[in-house]
Amino acid sequence: MNKQCELIEKIYKDASMGRFSTEKLLGNLKDKDNKIIGDVEEIFKGYSSFEEKAKEILLSRDIPPEKVGNMTKMMSSMGIFKEVLADNSDSAIADLLIQGLLMGEVEMKKRIENASDDVNKDDFDLAKDFLKFQKKSHKIMEKYL
């Protein structure tokens, strides 16, 4: 991992996984009457936006974005399917999303706090914006608990 692009690479991987997971979750909620769907769609859009921004930055620096592994995606898909099958209430879905968001928040906060001084200011600002997005999404999901 390129030290100067570490934050952007982390944003890309986390946003990519978040987008994939929320997309799968929305697919599992299709044709269901959950009130949470609109907020999950907004989180999906947010993840998609951060994924695209990070990808553009990496490509502009001739760094190929590292894809999330198929095994990780498969495990996520199976976990989401199992959880929604067991309980598709808004509360259970919010709890599932909060778990993922919280893991991402903790990881991104550590990355920001430990970022080297030579990290590009724009990269640092994008990382802080991504952390704000995760915290805001977390807060929105809490209303469903």
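The values are calculated or read from the model by the stated rules, or taken from the named source; none is laboratory data. Since we're looking at a predicted model, the values are computed, not measured. A quick note on method: Cβ atoms are made from the backbone with ideal geometry, for glycine too, and the neighbour counts reach across all protein chains shown. Keep in mind that these areas ignore ligands, DNA and RNA; they rest on the heavy atoms of the full protein, side chains included. Shrake-Rupley method; radii C 1.70, N 1.55, O 1.52, S 1.80 Å.
One table, with the values for the structure above:
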quantity: Rounded accessible area per residue of the stretch 89-145, 1.4 Å, Å²; calculated: 58
quantity: Folded to 0 to 90 degrees: helix 6-29 orientation relative to the chain principal axis, Cα; calculated: 10
quantity: Along the chain, longest interval not containing exposed trypsin sites (Lys or Arg not before Pro), exposed being DSSP loop plus at most 15 other Cβ atoms within 10 Å; calculated: 68-142
quantity: FRET E, pair residue 87, residue 113, Förster distance 35 Å, beta-carbon r, rounded to 0.05; calculated: 0.50
quantity: Percent RCO, i.e. relative contact order, over the chain, from Cα pairs under 8 Å lying at least 6 residues apart; calculated: 36
quantity: Degrees separating the helix 121-142 axis from the principal Cα axis of the chain, which is the longest one; calculated: 10
quantity: Probe 1.4 Å - accessible area at residue 16, Å² to nearest ten; calculated: 10
quantity: Förster radius 41 Å - calculated FRET efficiency between residue 62 and residue 143, Cβ distance, rounded to 0.05; calculated: 0.45
quantity: Exceeding the 21 Å Cα-Cα cut-off - candidates 24/73; 45/73; 110/135; 67/143; 67/121; calculated: 67/143; 67/121
quantity: Dimensions (Å) - the stretch 1-81, Cα atoms, principal axes, largest first; calculated: 45, 25, 14
quantity: Dipole of the stretch 62-109, positive end: most advanced residue of 106, 65, 92 [Cβ charges, Cα centre]; calculated: 65
quantity: Accessible carbon and sulfur surface of the chain relative to its total accessible area, %, 1.4 Å; calculated: 52
